[in-house]
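J.: The following block contains the structure, expressed as structure tokens.
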Amino acid sequence: MEKSTMSVQELSSQMGISLPKAYELTKTEGFPVLRIGTRILIPVEGFRKWLAKQTERGSQS
């Protein structure tokens, strides 16, 4: 079964960005994030949709 969420550390690794940059990204308006207590989780499907949207915007410029 595929995971439905990923940690900020996994986000950092998957995107090839630093951990501080990944935490900064989770604070960006419109970025899909779940906060459960002090834990920050990123819904995988929401992240994929967000990434596709960002890619689409970049290609229109």
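Bear in mind these aren't lab numbers, they're just calculated from the coordinates by the rules spelled out. Please read these numbers as outputs of a predicted model, since none were measured by experiment. Here the Cβ positions follow ideal geometry from the backbone for every residue, glycine too, while neighbour counts run over all protein chains shown.
J.: Counting other beta carbons within 10 Å of each Cβ, put S7, S12 in order, fewest first.
T.: Values: S7 14, S12 18.
Exposure proxy ranking, most exposed first: S7, S12.
J.: Here's a follow-up. Once you charge only the Cβ atoms, +1 for Lys and Arg and -1 for Asp and Glu, what is the size of the charge dipole of the chain about its Cα centre, to the nearest 20 debye? List each step's numbers first, then the result.
T.: Numbers: 9 positive and 6 negative charges, 19 e Å.
Dipole magnitude for the chain comes out near 100 debye.
J.: Considering only DSSP states other than H, G, I, E and B, which trypsin sites (Lys or Arg not before Pro) in the chain qualify as loop sites with at most 10 other Cβ atoms within 10 Å? Walk me through the numbers on the way to the answer.
T.: Values: sites: K3, K21, K27, R35, R39, R48, K49, K53, R57; in loops: K3, K27.
Hits after loop and neighbour filter: K3, K27.
J.: Under the rule of at least 5 residues apart or a separate chain, name every residue whose amide H is placed under 5 Å from the amide H of T5.
T.: V44
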